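Asks: One structure, pasted below without further comment.
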Amino acid sequence: MEQKHGKPPAKRTRFNYEDTIKVVVGEGEAERTFTMHKDKICARSPFLQAACLTRHRMGLDNFIFLEEQEPELFELYVNWVYTGQVDASILSQPQAQPDNNDKRPTYLQLGKVWALGYYLQDTKLRNKIVDMVITMVNKTPGIISAPVLRLVWRGVPEGSTLRRLYTQIEVCHASSSDFKNNIDAWPVEVLEEATMRFCAREVQDAASVPKWWDRCTYHEHEVGDPKCP
């Protein structure tokens, strides 16, 4: 009988669940310590992988300190590492949304999570946040407030995919009165994009907001990665 030879099944990554590391996040009274399996966290975050290797080579204890990060955001990251899901219910409920019973994330919260993913060099998390933003704006259309944009801009680098996405959302949904009221408050990139489109007669409306099938435009992929389905 002829034997068919196909591709061998992909080998599953085997993690060492005995080797742990403690990540100390925040400072002062807000400081929290998270104990994680080293292999799991290093597989997700090149930044933490490098930190683990450095401390091992120097013979230091198994502690990594992230004083500038928010413990609550890192708790969400721990959940992401172990489940592959971004659970917005972990984050504190914004005071402005007391009736938000299903714990929908805000643009500010998603921006902060994206920024944490940038800091930790976790590309998959950043792409996941892009997907969540696109889903949210198509379910609940509207502009993002200028103060929120400015806060997000502080933690998100110039030219990043999230800045491009938030700018696109703003330009598509903003009315002439929105521009008039926010011209001194919006980030420069939003105003530049709107001006260029106006001059090129490419003014877009809310129907042009990024859709699910556009999400790969705002993703980051390594060379050889498969395209988004």
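Asks: Quick check on packing: order 218-226, 35-43, 74-82, 150-158 by the mean number of other C-beta atoms within 10 Å, highest mean leading.
Replies: Packing proxy ranking, top to bottom: 74-82, 35-43, 150-158, 218-226.
Asks: Let's test the formula: R0 of 25 Å, r as the Cβ-Cβ distance of Leu53 and Ser89. What FRET efficiency results, to the nearest 0.05?
Replies: On the way: r = 34 Å, r/R0 = 1.35.
That pair, Leu53 with Ser89, gives E of 0.15.
Asks: Let me ask another. At 0.36 nm per residue, minus the direct Cα-Cα distance, what do Trp212 and Lys180 gain on full extension? Give it in nm, one decimal, please.
Replies: 8.5 nm
Asks: In addition: What spacing in nm lies between the two simple spin-label points modelled at Tyr82 and Val188, each 7 Å away from Cα in the Cβ direction?
Replies: Placing both labels 7 Å along Cα→Cβ, they lie 4.4 nm apart.
The numbers here are math on the coordinates, done by the rules we state, and not lab data. The shown structure was predicted, so the numbers you read here are calculated from the model rather than taken from an experiment. Note that each Cβ is placed from the backbone with ideal geometry, even for glycine, and that neighbours are counted across all protein chains shown.
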